[in-house]
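Working notes, structure below.
No value in this document is a laboratory result; all are computed from the given coordinates. Keep in mind it's a predicted model, so treat the numbers as computed, not measured. Because the Cβ atoms are built from the backbone with ideal geometry, glycine has one as well, and the counts that use them run over all protein chains shown.
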Amino acid sequence: MQTILVTGGAGYIGSHTVVELQAAGYDVVIVDNLVNSNPAVLNRIHQISGKAPLFVQADVRDADALAAVFAKYDIDAVIHFAGLKAVGESVEKPLQYYDNNVRGTMVLCQAMAEAGVFKLVFSSSATVYGPDAPVPYEESMPLGQPSSPYGASKAMVERVLADLCVSDSRWSVVALRYFNPIGAHVSGLIGEDPLGLPNNLMPFISRVAVGKLAELSVFGDDYNTPDGTCLRDYLHVVDLAVGHCRSLQSLDKVGLHAFNLGTGNGVSVLDMVKAFESVTGQKVPYKIAPRRHGDLPAFWANADKAKRELSWVAGSSLEKMMADTWRWQSNNPDGYGG
Ligand code: NAD
Ligand code: WQD
């Protein structure tokens, strides 16, 4: 049985991935400093899978803590989710973002190399293509100039990983460029639980529906898109989690390999609201607000490479994403704090 170290495994995408890894027969060790997650998620994972993941509360920038983890457990590969992800906050606190996301990954890779572990799956983002890339995004396009420190940190890490693979042919690294993950595990036991006011569309909609927020602000309806609101490629977080399991199986190929994980479809903000209302029967009051600084009008994935090389597709319908989001939100109106 293989053991996977999952950094950031208590977070939104990490927790769903831990469940899929356990279902696929892997043992899991989570390293998370809980800066953006709640330890209650560990019991929920146990409830779903019947297996408690091993958990170490530590920061990935703590080299000694990582060395202790690698010494204690026989780790076969690492999935690296740990990092900060709020685009707006990254503009206010660039040093924190570069430190967490870039230095965190460098400390992790150093600890891996010292432990003789050279297999890594990294959480990258569609944002690495930058604001000028044509849609749909394809992996063969060069890394762009992302406009936020968050986006830049992801592009920098991809560059570091590429150089690492050139320097030592033992490294086998997959960079997964996620588009917009939404939804929750079908059990309703785990899901997205942002601290404070959500930055992202889906948790904002579900918190309006559950009565925690009064109304959604739709950021701009004058874009050059069919209904004037922005288009994004929303994919189910469990499909995304399965993509990580498939990527682990491809880690016998050396070098850095990047994959887009998305559905290949762009959906507008207003269509998201309509789909949520029609699937759940809940009203989502909204108003049209000014554009949000930095938003791109439209982007979606060309996900052919993941289909071809990982046998992966984001198969869940928008309706399922909405139903699963609502089950999680309505069963847990206060998230993990409830
Ligand atoms: P999340 O905040 O829910 O999960 C990240 C986890 O990492 C949290 O549990 C947090 O406590 C932990 N963490 C943060 N810094 C750490 C550190 N220095 N040491 C140890 N643990 C640390 O976020 P998520 O949505 O699950 O995202 C996971 C990864 O995927 C992130 O790297 C994010 O940038 C990337 N990503 C997310 C999205 C998205 O829309 N959610 C899209 C593209 C990429
Ligand atoms: C989606 C659409 C908003 C909130 C961000 C990061 C990206 C990636 C995923 C990590 C946009 C609109 C939103 C609201 C709204 N993360 N919106 N009202 O901006 O595509 O991507 O998260 O890598 O890097 O930039 O996602 O969910 O914030 O927004 O109208 O209250 O919803 O304008 O058109 P985004 P999002």
TODO: Add +1 for every Lys or Arg and -1 for every Asp or Glu among the other residues with Cβ under 15 Å from the Cβ of residue 170, and state the total.
DONE: -3
- [ ] Give me the distance in nm between label points sitting 7 Å out from Cα along the Cα-to-Cβ direction at residue 320 and residue 167, one decimal.
- [x] 4.2
Task: Residue-by-residue Karplus 3J(HN,Hα) for the stretch 202-207, coefficients 6.51, -1.76, 1.60, Hz, glycine and proline x - done: 4, x, 5, 4, 5, 6
Open item on the list: Through the Karplus equation 6.51 cos²θ - 1.76 cosθ + 1.60, θ set to phi - 60°, convert the phi angles of the stretch 25-41 into ³J(HN,Hα) values in whole Hz; use x for Gly and Pro.
Closed with: x, 8, 8, 10, 10, 9, 10, 8, 8, 6, 5, 9, 8, 10, x, 4, 4
- [ ] Could you state the angle between the C-alpha long axis of helix 237-249 and the longest principal axis of the C-alpha atoms of the chain, as a value from 0 to 90 degrees rounded to the nearest 10?
- [x] 20
Task: Cα-Cα P(r), the stretch 198-338, percent of pairs per 10 Å interval - done: 11, 35, 32, 17, 4, 0
Task: Summed side-chain charge close to residue 266 - residues other than residue 266 whose Cβ falls under 13 Å, Lys, Arg +1, Asp, Glu -1 - done: -2
Open item on the list: Expected output is a single nm value to one decimal: the length gained when fully extending between residue 72 and residue 199, i.e. 0.36 nm times separation in residues minus the C-alpha distance. What is it?
Closed with: 42.0 nm
Open item on the list: On C-alpha positions alone, give me the angle between the axis of helix 269-280 and the longest principal axis of the chain, in degrees, nearest 10.
Closed with: 90
TODO: Go ahead and run the numbers for FRET between residue 307 and residue 253, Cβ-Cβ distance against an R0 of 22 Å, rounding to 0.05.
DONE: 0.85
Task: Phi to ³J(HN,Hα) by Karplus 6.51 cos²θ - 1.76 cosθ + 1.60 over the stretch 88-96, Hz, x for Gly, Pro - done: x, 4, 5, 6, 6, 10, x, 5, 4
Open item on the list: Which residue, 22, 9, 303, has the largest displacement toward the positive end of the dipole of the chain when charges sit on each Cβ (Lys, Arg +1; Asp, Glu -1)?
Closed with: 22
- [ ] For residue 286, list long-range residues whose amide hydrogen, built 1.01 Å from N in the peptide plane, is under 5 Å from its own amide hydrogen.
- [x] 216
Open item on the list: Can you tell me the length gained on complete extension of the stretch residue 274 to residue 159, counting 0.36 nm per residue apart and subtracting the Cα distance?
Closed with: 37.4 nm
TODO: Mind checking which lysines have their Cα closer than 19 Å to the Cα of residue 305? Skip sequence neighbours fewer than 8 apart in that chain.
DONE: 253
Open item on the list: 5 Å is the cut-off here: which amide hydrogens, built 1.01 Å from N in the peptide plane, fall below it relative to residue 298, excluding neighbours closer than 5 in sequence?
Closed with: 231
- [ ] Please determine, in degrees from 0 to 90 and to the nearest 10, the orientation of helix 63-72 with respect to the longest principal axis defined by the Cα atoms of the chain, where the helix direction is its Cα long axis.
- [x] 70
Task: Point-to-point label distance, residue 132-residue 212, nm (Cα→Cβ direction, 7 Å offset) - done: 4.0
TODO: Counting other beta carbons within 10 Å of each Cβ, put 159, 177 in order, fewest first.
DONE: 159, 177
